[in-house]
Amino acid sequence: MQLPPLSAMSPLPALLSHLRKGPAGLRLGLSAAFGLILGLALVPRQPQPEDPHAPPPQLIFLGQTLPSDDSAAERALALLRARVAGKLSLQLDGDAREVSYADLGVAIDTVRLQQLIQDSRDATSPLRRTRRRLAQTGPIALPATLVFDEQRTLATLQRFKDELDRPALPARIDIEQHKVVAEQVGRTLDADASLGAISRALEVGATSVTAVFQKLKPQRVAAGLSQVRYDSTIAYFETPYDRSERSQARTFNLRHAAEKLDGLVLFPGQEFDFNATVGPRDEAHGYQVAKVIAEGELVDGIGGGTCQISGTLHAAVFFAGLDILERYPHTRPSSYMKMGLDAAVAYPTMNFRFRNSSSLPIVIHETVTGGVVRAEIRGAQVGPAVTLIRRIESSTNYDELERADNRVPFGKRVLLQRGVPGFKLKRYRVVRDEQYGVRDMWRDTYPPTSQIVLVGQKHDSKPTDMPHSDIHPEYLADELLVLTKQRETPDEPTRFSERRDPGRFGEKGWTKAAGMPFFESKP
């Protein structure tokens, strides 16, 4: 059988056409041959070996050309040492900080550096074979062989996070100025994403890296507050504070915390979270050292005074008849308000939360001025009549602790902290409007606070700073207290009426009569 010339048709279609017409054996043989040809054509070609006499490619390291002799590794190591002795510029959302490589726990991987240089010079190494397969030419840019301690880097980032994180602030209402204050977009440093950015920067030898921030959207924007009315005081409460020089730090904390929540708008069903609104109480957030209650004892602590802001607001919320979701009594009764109305807070463990259970928006207005902390719940609605009924069920005696003190003359005793009995009480809230009344009940427990007396151990006559004696008097509490906020009317503002029954715990000298240690100052 004679085959036609291949030039008479295009090669591959002609061959396939002829095979279909020829004898079966010829068709099979030619098919196998043709498949072999195609298979050989599709086998990837192995990269051709380099000329053994060709010079190795140039090496670029940290932007510089390394020597082509055996001193390349030494030169690269010197460049790395100079780099880690300097600073890394950390770009922080419009700001910048210089961070030492030591703060990031950066170290040089010398073994990897030497291996990279050796592989770059070896024509048979995987690095060189890969370059030939990809037809890459020109110099080889080596990565910076730096490793870092993730935990130390995260600790460094956390310091910047505490400094630069900014909460998202919702739009609020300035009641005094009768205007809406625009919202503020917040930001938070993404430590994990920033860690990845630092890792990539170290790999390429960059001297600057941009940290990653996430934007925080505020819950409320100004456009949504234009129709909110706040001409009516639904409820209010006031507590006194010390305006003397010694309490300046506490007064500062009072104002700083009150500013965080003043003008906050809550729509029907929305919840208020004190810790989320006021934020951490530490130096990074502007708070100062003042007296706080720690395990029943008054000690210096950052943010002292914020409990008075939460307690005063709690009392206003109580008399506004709103749903109280979370509230804790103090570990000792407060000097600025009656038991049952206080609200202890500690970031982030103890919180005060309530819900706007009314049918209209409300506005929180809290001020600190003239020796008075005043919290108001404002809105368009008229406040209901609300009554607090508080009855003390039992008391627990306090004990007395004596502490030797070298500042106090021998034989003299100084009252460092007056003891306060513990109490168990039951309190009710009765909310009455034009149609019906609602009663809530809670139980509170205040543990006893130990009395602390300093016993003098000082024998010499050298002057020392004598500790101040506790000026608080014996703690008195009415066994029964009934406090009623009258229903507000358009013609008459909110009024309170009070009924008190001193009973077992309200008369002077009751703690001594109950067998508790009673300290009497001697001239």
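Per-structure values
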quantity: Positive dipole terminus of the chain, leading residue within Phe252, Thr130, Ser68 (C-beta point charges); calculated: Thr130
quantity: Reachable aspartates and glutamates from Lys87, criterion Cα separation under 14 angstrom, eight or more residues apart if same chain; calculated: Glu98, Asp103
quantity: Local electrostatic count at Arg187 - Lys and Arg +1, Asp and Glu -1, tallied over other residues with Cβ under 14 Å; calculated: -3
quantity: Computed [θ] at 222 nm, deg cm²/dmol, the chain (DSSP H ≥ 4; -39,500 (n - 2.57); rounded to nearest 500); calculated: -7500 deg cm²/dmol
quantity: Computed over the chain: relative contact order in percent, which uses C-alpha pairs under 8 Å that are six or more apart; calculated: 10 percent
quantity: Value of relative contact order over segment 402-523, rounded to a whole percent, pairs C-alpha under 8 Å and six or more apart; calculated: 27 percent
quantity: Cα gyration tensor category, rounded, prolate or oblate, for segment 279-340 with a/c compared to 1.5; calculated: oblate
quantity: Among Val372, Pro333, Ala315 - extreme Cα towards positive end, dipole of the chain, charges at beta-carbon; calculated: Ala315
quantity: Nearest-20 debye value, the chain charge dipole, Cβ charges on Lys, Arg, Asp, Glu; calculated: 1320 debye
quantity: Most to least accessible of Lys458, Lys485, Lys508 (protein chains only, probe 1.4 Å); calculated: Lys508, Lys458, Lys485
quantity: Cβ-placed point charges (K, R +1; D, E -1), dipole of segment 163-295 about Cα centre in debye, nearest 20; calculated: 260 debye
quantity: Beta bridge orientation in the chain: antiparallel %, DSSP, nearest 5; calculated: 85 percent
quantity: Where Glu245, Glu479 fall by accessible area, highest first, once all protein chains stay in place (1.4 Å); calculated: Glu245, Glu479
quantity: Mean separation of Cα contacts under 8 Å (6+ apart) over length of segment 293-370, as relative contact order %; calculated: 33 percent
quantity: Cα centroid of segment 347-380 to Cα centroid of segment 51-115, whole Å; calculated: 58 Å
quantity: Carbon + sulfur, % of accessible area of segment 278-435 - ligands and nucleic acids excluded, 1.4 Å; calculated: 48 percent
quantity: Packing-based order for 445-454, 375-384, using average beta carbon neighbours within 10 Å, highest first; calculated: 375-384, 445-454
quantity: Global geometry of segment 199-245, whether rounded, prolate or oblate, following the gyration tensor of its Cα atoms and the 1.5 cut on a/c; calculated: oblate
quantity: Shape category assigned to the chain from the gyration tensor of Cα positions, a/c cut at 1.5; calculated: prolate
quantity: Positive-pole candidate from Gln118, Ile392, Gly224, dipole of the chain, charges at beta carbon; calculated: Gln118
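The values are calculated or read from the model by the stated rules, or taken from the named source; none is laboratory data. Everything numeric here is computed off the predicted structure, so don't read it as measured data. Here Cβ is always computed from backbone atoms with ideal geometry, including for glycine, and neighbour counts include all displayed protein chains. Surface accessibility is based on the protein's heavy atoms, side chains included, excluding ligands, DNA and RNA. Shrake-Rupley method; radii C 1.70, N 1.55, O 1.52, S 1.80 Å.
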